[in-house]
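Trainee: Pasting a structure below so you can have a look.
The values are calculated or read from the model by the stated rules, or taken from the named source; none is laboratory data. Computed from a predicted model, the values in this text were never measured in an experiment. Cβ placement follows ideal geometry from the backbone for every residue including glycine, while neighbour counts extend to all protein chains displayed.
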Amino acid sequence: MTRVAFVAPSLNGGGAERAAVTVLNALDPLVFDRALYLFRREGPYLRDVDPAIELVAADSDGRAARVRQLAAFIARWQPQIVVSFLSYFSVFVALRVARSPARFVINQQTPLSAFLTDRDYAWRHPMRRRVFETIARSVYPRAAIVATSQEVGDDLIARFGVRREAVTTIPNAADLAAIDRAVAEPSALAIPEGAPLVVAAGRLAEAKNWPLFVDALALLRREMPVQALILGQGELEADIRRRIADAGLQDAVRLCGFQSNPWTVMARADVFVLTSHYEGFGNVLIEAMASGAPVVATASPGTRAIVRHEVNGLLVDRHEAAAVAAALGRVLRDRPLRDRLRGGARESVRQFDVPVVAQAYTELFQRLAA
């Protein structure tokens, strides 16, 4: 049996955390001994972890203490493969402290260059960014890389000294059967009726570019009486509410917070939209497409890996309100287009189903363990 340990900061509601749980749950327990190590035992995805997985959490918030505790776990559990979902440098140091021969795998969810310009993070400050880049150019070339899209991997190869043969592109997985079941459930939200419905979902953070969403909706409202629901929570909620009020959209846009079943809401959308500055992999796009919603997304590495323009969704190259509003309006006015995009989406999401992605991880881990 191959011993595989996944490491994550917590199981709060991010795409990387959910990807970690989904993949680890799906690995064959007859092939792999599985462990999940968390720096903080918290988050809504805790309840989704397979009870057969050894779940361990640090009991200290200090970075040095967390590293020591992870090193102690690695020394005790003796994994052959350690996969880091975020907190890459801490995991790398813990492996060195433990003097472990385990293969170190970085699961890279976002383009690192874009992450370093994200105003949500401290690395945007020049000095901190230089320090981060220096460390990254030392650590990344010593790891095997799982990139969620080809462009994410290409960024590491071009800018951070990673060898192409060290990068394996494996997308995040979606549990299509579970989404089908969830779609059939009644919505916990009151769904607006009598007007076209636009749904968006994601962390209320700078990278998701909610100002673009609000500005595009304001333009679209000049042409048709659309209603919109935003699913998600985050630190920018107050700012987004202010922008909605400034645009006069209080009666048209509702912030709905974290939803345990967002898929039943997506299924009722006339169009789903994602306006991110960048995505390493648009998990929420896969889920919306699997739910049956036609999708519109701004172009970035992760959305280009999913959306084939005019086939299973619409991609907007210009991250501008007028361009997004035009794409939304086109989908809402053209029922045959909506139906075509829905059909293309249901066909294309099969490649992201859990068994397909779990098999890709299985093959990678077996190569690394050999």
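Trainee: Could you tell me whether region 156-163 includes any residue that is closer than 30 Å to Val91 by Cα, surrounded by 22 or more Cβ atoms within 10 Å (Cβ to Cβ) and over 19 Å from the mean Cα position of the chain (by Cα)? Steps first, answer last, please.
Mentor: Restricting attention to region 156-163, the residues satisfying the condition of being closer than 30 Å to Val91 by Cα are 156-163.
So of that shortlist, the ones also surrounded by 22 or more Cβ atoms within 10 Å (Cβ to Cβ) come out as 156, 162.
If we keep only those that are over 19 Å from the mean Cα position of the chain (by Cα) too, we end up with 162.
Yes, region 156-163 contains a residue that is closer than 30 Å to Val91 by Cα, surrounded by 22 or more Cβ atoms within 10 Å (Cβ to Cβ) and over 19 Å from the mean Cα position of the chain (by Cα).
Trainee: Those residues that are among the hydroxyl-bearing types (Ser, Thr, Tyr) and assigned to a loop (DSSP other than H, G, I, E, B), I need them from region 258-293; list them, please. It would help to see each step written out before you state the result.
Mentor: If we filter region 258-293 for residues that are among the hydroxyl-bearing types (Ser, Thr, Tyr), which is where we start, we get 260, 264, 275-276, 278, 291.
Of everything in region 258-293, those that are among the hydroxyl-bearing types (Ser, Thr, Tyr) and assigned to a loop (DSSP other than H, G, I, E, B) turn out to be Ser260, Thr275, Ser276, Tyr278.
Trainee: Can you run down the residue pairs with Cβ atoms below 7 Å, 6 or more apart or on separate chains, where the first is in region 277-294 and modelled with pLDDT under 95 and the partner is of a type in the set (Asp, Glu)?
Mentor: Close Cβ pairs satisfying both conditions: none exist.
Trainee: Turning to a different aspect of this structure: Under 6 Å between Cβ atoms, at least 6 apart or on separate chains: pull out the pairs that start in region 37-48 with a residue that is closer than 18 Å to Phe73 by Cβ and end on any residue that is crowded, with 16+ Cβ neighbours inside 10 Å and β-branched (Val, Ile, Thr).
Mentor: Qualifying pairs under 6 Å: Tyr37/Val7; Tyr37/Val56.
Trainee: Among (1) among the small types (Gly, Ala, Ser); (2) in contact (Cβ under 8 Å) with a residue 40 or more places away in the chain; (3) closer than 20 Å to His319 by Cβ, where does Ala247 come up short?
Mentor: Against the list (1) among the small types (Gly, Ala, Ser); (2) in contact (Cβ under 8 Å) with a residue 40 or more places away in the chain; (3) closer than 20 Å to His319 by Cβ, Ala247 comes up short only on (2).
Trainee: Now for a separate question. Only residues that are among the charged types (D, E, K, R) and at pLDDT 95 or above: list them for region 224-250, please.
Mentor: Just the residues of region 224-250 that are among the charged types (D, E, K, R), to begin with: 235, 237, 239, 241-243, 246.
Once the filter is applied, which keeps residues that are among the charged types (D, E, K, R) and at pLDDT 95 or above, region 224-250 yields Glu237, Asp239, Arg241, Arg242, Arg243, Asp246.
Trainee: Would you please list the contacts, defined by Cβ atoms under 8 Å and residues six or more apart or on different chains, that run from a residue in region 221-241 that is assigned by TED's automatic domain parsing to the domain that holds Gly14 to a residue that is not basic (Lys, Arg)?
Mentor: No pair meets every condition.
Trainee: Which residue out of Ala8, Ala16, Ala52 is more than 25 Å from Gln150 (Cβ to Cβ) and of a type in the set (Gly, Ala, Ser)?
Mentor: Values: Ala8 fails: more than 25 Å from Gln150 (Cβ to Cβ); Ala16 fails: more than 25 Å from Gln150 (Cβ to Cβ).
So the residue among Ala8, Ala16, Ala52 that is more than 25 Å from Gln150 (Cβ to Cβ) and of a type in the set (Gly, Ala, Ser) is Ala52.
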